[in-house]
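Read the structure below first, then the notes.
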Amino acid sequence: MAYFSSEFSRFFRRLARNNRRPWYHAHKAEYETHVKVPFGLFVEEMIERIAALDPGMRCESRAAIFRLARDTRFSKDKTPYKTVASAVIGPGGRKSPLPSFYFQFGADGLGVAGGVYQPDRDALLRIRRAIRDDGATLDRLLRNRAFARVYGALQGERNVRLQPEFTAAAGDFPLLFNKQFYYWREYEDPDLLLRRDLGEFLMRHYRAGRAVNAWLTRAMK
């Protein structure tokens with residue numbers, strides 16, 4: 001049996017066209033039935049699957065799942081709701097500063113990600129020092145067939161200049177310029193959400209990025 005029905009994608013298509021609080025409240029029951037409840041159950045299953053491999057990734061589902069309501073205080077986009085359901089599985093859930101596993105489901109398909117999206121200044125310094133000292137290991141992990149096939153490469157915004165302690169190594173390890181270290185894969189196919197093996201489909205993505213996450217975690221500690 002599939003985890004989700006076609007009503008999941010249909011709700012988000014309609015929300016995208018009617019992203020207003022009165023419309024959402026008039027259709028809240030549909031959200032609860034077709035999105036919130038099945039997504040919550042799916043996240044709980046994914047936590048168990050991932051924690052069976054990596055117990056340190058365990059978190060509570062309520063800590064993993066993002067709210068549907070958007071924080072519009074500092075955004076030019078004032079639409080009140082996100083048009084995806086999303087979660088982060090990792091130490092502490094969505095608030096974890098450590099490498100985690102992210103996924104989002106919406107009307108157009110799904111996205112999967114991992115790594116470190118917003119390291120603070122100290123964490124960034126530790127990651128850069130680890131790349132300087134052990135960048136060859138990270139390069140080898142990024143060239144791994146499964147990671148390269150699923151994600152391609154680490155992504156992220158880059159600095160133009162580096163601290164002097166990193167400039168000599170930057171020629172060998174261009175990732176030193178990164179200030180984000182995440183990987184991302186997107187599928188524009190809403191039928192993927194109807195797969196009976198959706199959990200295992202995401203686990204293949206988790207396993208593909210697992211060693212990179214582990215390297216980044218060691219670097220940050």
(request) Would you mention how many residues in the range 1-30 are part of a helix (DSSP H, G or I), under 24 Å from Asp197 (Cα atoms) and among the small types (Gly, Ala, Ser)? (result) 2
(message) If a residue must be out of contact with any Phe, Trp or Tyr (no Cβ under 8 Å at 6 or more places or on another chain) and either part of a strand (DSSP E or B) or aliphatic (A, V, I, L, M) (or both), how many such residues does the range 31-45 contain?
(response) 2
(message) Taking the condition of being surrounded by fewer than 21 Cβ atoms within 10 Å (Cβ to Cβ) and under 13 Å from the mean Cα position of the chain (by Cα), how many residues in the range 183-201 meet it?
(response) 3
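For every residue, the table says whether it meets (1) in contact with an Asp or Glu (Cβ under 6 Å, 6 or more places away or on another chain); (2) β-branched (Val, Ile, Thr); (3) in contact (Cβ under 8 Å) with a residue 24 or more places away in the chain.
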{"residue": "Gly114", "(1), (2), (3)": "no, no, yes"}
{"residue": "Ala123", "(1), (2), (3)": "no, no, yes"}
{"residue": "Arg140", "(1), (2), (3)": "no, no, no"}
{"residue": "Phe166", "(1), (2), (3)": "no, no, yes"}
{"residue": "Gln180", "(1), (2), (3)": "yes, no, yes"}
{"residue": "Asp197", "(1), (2), (3)": "no, no, no"}
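Answer yes or no: is there a residue in the range 151-173 that is under 30 Å from Phe11 (Cβ atoms) and at pLDDT 95 or above. Reasoning before the result, please.
To start, the set of residues in the range 151-173 that are under 30 Å from Phe11 (Cβ atoms) comprises 151, 155.
Filter again for at pLDDT 95 or above, leaving 151, 155.
Yes, the conditions are met somewhere in the range 151-173.
Anything in the range 58-81 that is outside any loop (DSSP other than H, G, I, E, B) and either surrounded by 12 or more Cβ atoms within 10 Å (Cβ to Cβ) or of a type in the set (Gly, Ala, Ser) (or both)? List them, or say none. Working first, answer last.
Just the residues of the range 58-81 that are outside any loop (DSSP other than H, G, I, E, B), to begin with: 61-65, 69, 81.
Result: Ser61, Ala63, Ala64, Ile65, Ala69, Tyr81.
For a quick check of your reading: which strands (runs of 3 or more DSSP E) sit entirely within the range 100-198 and have at least 2 residues that are of a type in the set (D, E, K, R)?
Working: elements: 100-106, 109-116, 181-187.
In the range 100-198, 181-187 are the strands (runs of 3 or more DSSP E) which contain 2 or more residues that are of a type in the set (D, E, K, R).
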(request) Provide a single number: the residues in the range 112-156 that are crowded, with 21+ Cβ neighbours inside 10 Å and hydroxyl-bearing (Ser, Thr, Tyr). (result) 1
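Given the structure, is Gly92 of a type outside the set (A, V, I, L, M, F, W, C), closer than 30 Å to Gly199 by Cβ, touching a helix residue (DSSP H, G or I) at 6+ places or on another chain (Cβ under 6 Å) and surrounded by fewer than 21 Cβ atoms within 10 Å (Cβ to Cβ)? Give the derivation first.
Values: of a type outside the set (A, V, I, L, M, F, W, C): yes; closer than 30 Å to Gly199 by Cβ: yes; touching a helix residue (DSSP H, G or I) at 6+ places or on another chain (Cβ under 6 Å): no; surrounded by fewer than 21 Cβ atoms within 10 Å (Cβ to Cβ): yes.
So Gly92 does not fit the description; no.
The values are calculated or read from the model by the stated rules, or taken from the named source; none is laboratory data. No experiment lies behind these values; they were computed from the predicted model shown. For neighbour counting, all protein chains shown are included, and Cβ atoms are generated from backbone atoms with ideal geometry for every residue, glycine included.
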